[in-house]
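**Student:** Pasting in a structure now, in structure tokens, and then I'll have a few things to ask.
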Amino acid sequence: MVSMVQSPDSQYYSPETRIILITPPPFNEAVRAARLAARDPPIALDRKSGVTRKYADAVIELGKELNVPALDVYTPIWEATDNGDPKKLEKYLYDGLHPSKEGYAVIYDLLIQTIETKFPELHYDALPMVFPGWKDLDWSNARASIF
């Protein structure tokens, strides 16, 4: 997938495209298992925490191999929850699998940090304004001053 946009030989080559790999967060087996068991009909647990950890490690390694930044979302959430305490994981994963508001806050902070260090030209502080600031609008003809 990375070579699709990075290789000049690819029909999808896009030298302007920036890629950041993102690991999965840890997941809460207990909450996920309970939610799946509550379905009608019940569904067996469809993943394991240890596999998710291996997948996260593989994403980090792939980033190193391809010289592509990789966001490690797994480790900070794992550490913030005392190494995956199921009760504490509930704060970061609303259903045991998908990030909650707090989980997305961790992802956002890491993403902005990565953009700032790896692609500073794309950091929000470096981007030009698309529209004029409100104080620069011609309020007698606002539409004309925007377009």
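The values are calculated or read from the model by the stated rules, or taken from the named source; none is laboratory data. None of these values were measured; they are calculated from a predicted model. All Cβ positions, even for glycine, are placed from backbone atoms using ideal geometry, and neighbour counts span all protein chains on display. Each accessible area value is taken on the protein alone, full model and side chains, heavy atoms only, with ligands, DNA and RNA left out. Shrake-Rupley method; radii C 1.70, N 1.55, O 1.52, S 1.80 Å.
**Student:** Before anything else, pin down the relative contact order of the chain: Cα pairs under 8 Å, at least 6 apart, normalised by residue count, whole percent.
**Tutor:** Across the chain, relative contact order equals 21 percent.
**Student:** Which one, ILE43, THR23, VAL2, projects farthest toward the positive side of the charge dipole computed for the range 1-46 from Cβ point charges (K/R +1, D/E -1)?
**Tutor:** Checking the options against the dipole of the range 1-46, the answer is ILE43.
**Student:** While we're on this one: How much of the accessible area of the chain, in percent, comes from carbon and sulfur atoms when a 1.4 Å probe is used?
**Tutor:** About 57 percent, which is the carbon plus sulfur part of the accessible surface.
**Student:** Along the charge dipole of the range 79-147, pointing to its positive end and built from +1/-1 on Cβ of Lys, Arg, Asp and Glu, which listed residue (PRO128, TYR94, ILE146) has its Cα farthest out?
**Tutor:** Farthest towards the positive end: ILE146.
**Student:** Next up: Compute the accessible area per residue over the chain, keeping the other protein chains in place, probe 1.4 Å, unit Å².
**Tutor:** Numbers: 10220 Å² over 147 residues.
On a per-residue basis, the chain sits at 70 Å².
**Student:** Taking amide H atoms as placed 1.01 Å from N in the peptide plane, list the residues 5 or more away in sequence, or in a different chain, whose amide H sits under 5 Å from that of ILE22.
**Tutor:** The answer is LEU71.
**Student:** With charges set only on the Cβ (+1 for Lys and Arg, -1 for Asp and Glu), what does the dipole of the chain come to about its Cα centre, in debye to the nearest 20?
**Tutor:** In debye, rounded to 20, the chain gives about 460.
**Student:** Going through the range 1-42, which trypsin sites (Lys or Arg not before Pro) have at most 16 other Cβ atoms within 10 Å and a DSSP loop state?
**Tutor:** Qualifying residues, ordered by number: ARG18, ARG39.
**Student:** Can I ask one more? Could you tell me which chymotrypsin sites (Phe, Trp or Tyr not before Pro) in the range 11-85 are loop residues by DSSP with no more than 14 other beta carbons within 10 angstrom of their beta carbon?
**Tutor:** Sites meeting the loop and neighbour criteria: TYR12, TYR13.
**Student:** Let me ask another. For a test of understanding, tell me how many lysine pairs in the range 1-116 have Cα atoms under 27 Å apart, given they are 8 or more places apart or on different chains.
**Tutor:** Close lysine pairs under the 27 Å cut-off: 13.
**Student:** When the Kirkwood hydrodynamic radius is evaluated over all pairs of different C-alpha atoms of the chain, what value in angstrom, to one decimal, is obtained? Walk me through the numbers before you get to the answer.
**Tutor:** Working: mean 1/r = 0.0542 Å⁻¹.
Mean inverse Cα-Cα distance, inverted, gives 18.4 Å.
**Student:** Rounded to the nearest 500, what is the chain's calculated 222 nm mean residue ellipticity when only DSSP H runs of at least 4 contribute -39500 (n - 2.57) each, over all residues?
**Tutor:** The per-residue figure over the chain is -13000 deg cm²/dmol.
**Student:** Also, I was wondering about something else. List the residues whose amide H sits under 5 Å from the amide H of LEU93, counting only those 5 or more places along or on another chain, with H placed 1.01 Å from N in the peptide plane.
**Tutor:** SER100
**Student:** Output the DSSP H helices from the chain with an along-axis C-alpha extent of no less than 24 Å and a mean Kyte-Doolittle hydropathy no less than 0.0. The partial results should precede the final answer.
**Tutor:** Working: long enough: 49-66 (26 Å, -0.13); 101-118 (25 Å, 0.05).
Both cut-offs are met by 101-118.
**Student:** Give the Rg/Rh ratio for the range 45-109, taking Rg as the radius of gyration of the Cα atoms and Rh as the Kirkwood radius, to two decimals. Spell out each step's value before the answer.
**Tutor:** Numbers: Rg = 12.4 Å, Rh = 12.6 Å.
Taking Rh as the inverse mean 1/r over Cα pairs, Rg/Rh reads 0.99.
**Student:** Can you pull out the trypsin sites (Lys or Arg not before Pro) in the range 48-147 that DSSP calls coil and that have at most 16 other Cβ atoms within 10 Å?
**Tutor:** Sites meeting the loop and neighbour criteria: LYS48, LYS91.
**Student:** If one puts a single equal scatterer on every Cα of the range 1-65 and applies the Debye formula without solvent, what log₁₀ I(q)/I(0) results at q = 0.26 Å⁻¹?
**Tutor:** With one equal scatterer per Cα and no solvent, log10 I(q)/I(0) is -1.05.
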